[in-house]
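Everything on this sheet refers to the single structure shown next.
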Amino acid sequence: MPVQPGDELPPDKRVLLEQFDNFAELRNGLKRVAAVQEHWAGIPMPMQDAELIIEPKYPNAEALSTRGNYTPEQQSVESPIKIRNAWWSDRLRGDIYIYEDEAGKVQHLVAPKPHMLKHSMLTLGCSYAWGIEQESRALNLLATLVQHHTFKQYLLTGMFMETSKRSGLTYLFRKLRPTVVLDVRAKDSTTARILCALCLHPIAYYADSWAGAMCPTDDVIAHLSLMRGDEHMFWKRSNQHLPGRPEAGL
Amino acid sequence: MTGTVGILNVGAGDTKLVFDPANSQDCIRAARIVKDMIRRGYALLIEVVQSDGTKQYQRAYDFKEDSFEYIVADFDPVVAQTEDVEEEAPQVGVELAAGDGGQSLATPPRKSGRKGSRTKRVSATGTKAVAVARSAGG
């Protein structure tokens, strides 16, 4: 067979591993269905307490998505409040909204986001979607893509850096966090300028978290491969977070 | 010498396609899958050996099922952009040198960043690749 799961565990060892994982049966079932239906990247696992955001063109995206029937167009017609403008404030550590109330009076509101504990807790909760076997295979693949010391850095710290040979920008790849883009190209520069944080999840991710549908190291491999192979596409397909925004994870 | 494609997969972590010249049936099946992935918008990042012996990753735009070859662009977009900037500099110099009341001499036509449609083929056997599905954002 041309399609081979990399480094399959012996059956007895897999049974032992999955004995401790209540979601293993569902995960394996989705894997079998994906193989039959030829969804090469698999089927993302819906989670009860996490909203699954799926790439719109992915097969069965609408059925699997738990975003619901909400659309911005419906909200603007039904709600008496009109949002005129919104932006992030580094000083206030929150989103600022300028809106018109029911009487037409212009008001402002600050929605503070002093920390990302909720984001972190949701990410922790989404870990049930991944299996140790999947993460192990992803680590084996990453080990073939980077040098030994880089892989060691990743195992011990959850991150590593690589400079693009094309653009000269330096990327800090992190497990379960957006990739930070640093500009250290100026020869006389002694400090690095943070350009942004790039967030990208193949297929799907869980809203309000840093968790993707794929295991954490698969997301890192996706970032690394795209940066190396097509940097423009990496930027085009990613969500760019300002360094000061909490979603950047800095 | 075999080539591999690592497909990032939700349920399996990493699924491998193998292009083994000794097994034509598997090569045909693998080729069909690669072609289908490209059609669906997957990014195929392949490791290409450059003329100076170094290895660089490039994205495959297409795949030839009959010859098991990836089609990649034969130019680097960042290098092309730099060369465009350098080519425009003499053009400005020619315009400033014209001393006939502002009438400039004939200038060379502006060249675009993309150097035509040059592509090259890379054999799938003996090549390492990673397939990344379309992004849902983040």
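The values are calculated or read from the model by the stated rules, or taken from the named source; none is laboratory data. Because the structure is a prediction, the values reported are computed rather than measured. Virtual Cβ from ideal backbone geometry, glycine too; neighbours counted across all protein chains shown. Heavy atoms of the whole protein, side chains included, go into the accessibility calculation; ligands, DNA and RNA do not. Shrake-Rupley method; radii C 1.70, N 1.55, O 1.52, S 1.80 Å.
Points worth noting:
- Approximating the spin labels as points 7 Å out from Cα along Cα→Cβ, the A:R32-to-A:H148 distance works out to 4.2 nm.
- In Hz, Karplus ³J(HN,Hα) per residue of region A:40-48 (6.51, -1.76, 1.60; θ = phi - 60°; x = Gly, Pro): 5, 9, x, 10, x, 8, x, 10, 5
- Residue-wise HN-Hα coupling along region B:51-61, computed from phi with Karplus coefficients 6.51, -1.76, 1.60 (Hz; x: Gly, Pro): 5, 8, x, 7, 10, 9, 8, 9, 8, 7, 8
- The mean number of Cβ atoms from other chains found within 10 Å of a Cβ in peptide B:52-59 is 3, as a whole number.
- Summed buried accessible surface, chains A and B, 1.4 Å probe, nearest 100 Å²: 4100 Å²
- Other protein chain C-beta atoms within 10 Å of residue C-beta, averaged over A:165-174: 1.
- Mean ellipticity per residue at 222 nm, deg cm²/dmol - from DSSP H runs of n ≥ 4 across chain A, formula -39500 (n - 2.57): -10000 deg cm²/dmol
- Inter-chain Cβ neighbour count for A:142-153, averaged per residue, equals 1 (cutoff 10 Å, partner chain atoms only).
- Most tightly packed first, judged by the mean number of other beta-carbon atoms within 10 Å of their residues, the peptides A:229-241, B:19-31, A:129-141, B:1-13 read B:1-13, A:129-141, A:229-241, B:19-31.
- Region A:102-221, Cα convex hull volume normalised per residue, Å³: 199 Å³
- Set the Cα radius of gyration of chain A against 2.2 N^0.38 Å, with N its number of residues, and you get 1.16.
- Most to least accessible of B:R121, A:R228 (protein chains only, probe 1.4 Å): B:R121, A:R228
- Accessible surface of region A:153-250, 1.4 Å probe, proportion on carbon and sulfur as whole %: 54 percent
- Accessible surface for chain A, divided over its residues, is 57 Å² per residue with a 1.4 Å probe.
- Each peptide in A:167-178, A:150-161, A:106-117 gets a packing score, the mean of other Cβ atoms within 10 Å over its residues, and the list from highest to lowest is A:167-178, A:150-161, A:106-117.
- Cα gyration tensor category, rounded, prolate or oblate, for region B:1-63 with a/c compared to 1.5: oblate
- Potential lengthening of the chain between A:L16 and A:R84 amounts to 18.8 nm, from the contour at 0.36 nm per residue minus the alpha-carbon distance.
- FRET efficiency for A:K165 and B:D66, using Cβ-Cβ distance with R0 set to 35 Å, rounded to 0.05: 0.60
- Karplus (6.51, -1.76, 1.60) ³J(HN,Hα), θ = phi - 60°, over region A:141-152, in Hz, Gly and Pro reported as x: 5, 4, 4, 7, 9, 10, 6, 4, 5, 5, 5, 5
- The residues of region A:28-65 listed by number as losing at least 40 Å² of accessible area in the complex, against the isolated chain and with a 1.4 Å probe, are A:E38, A:W40, A:A41, A:E55.
- Distance between the 7 Å Cα→Cβ label points at B:R39 and A:Q107: 5.5 nm.
- Extension reserve of the A:H115-A:T190 stretch, reckoned as 0.36 nm per residue once the Cα distance is removed: 24.1 nm
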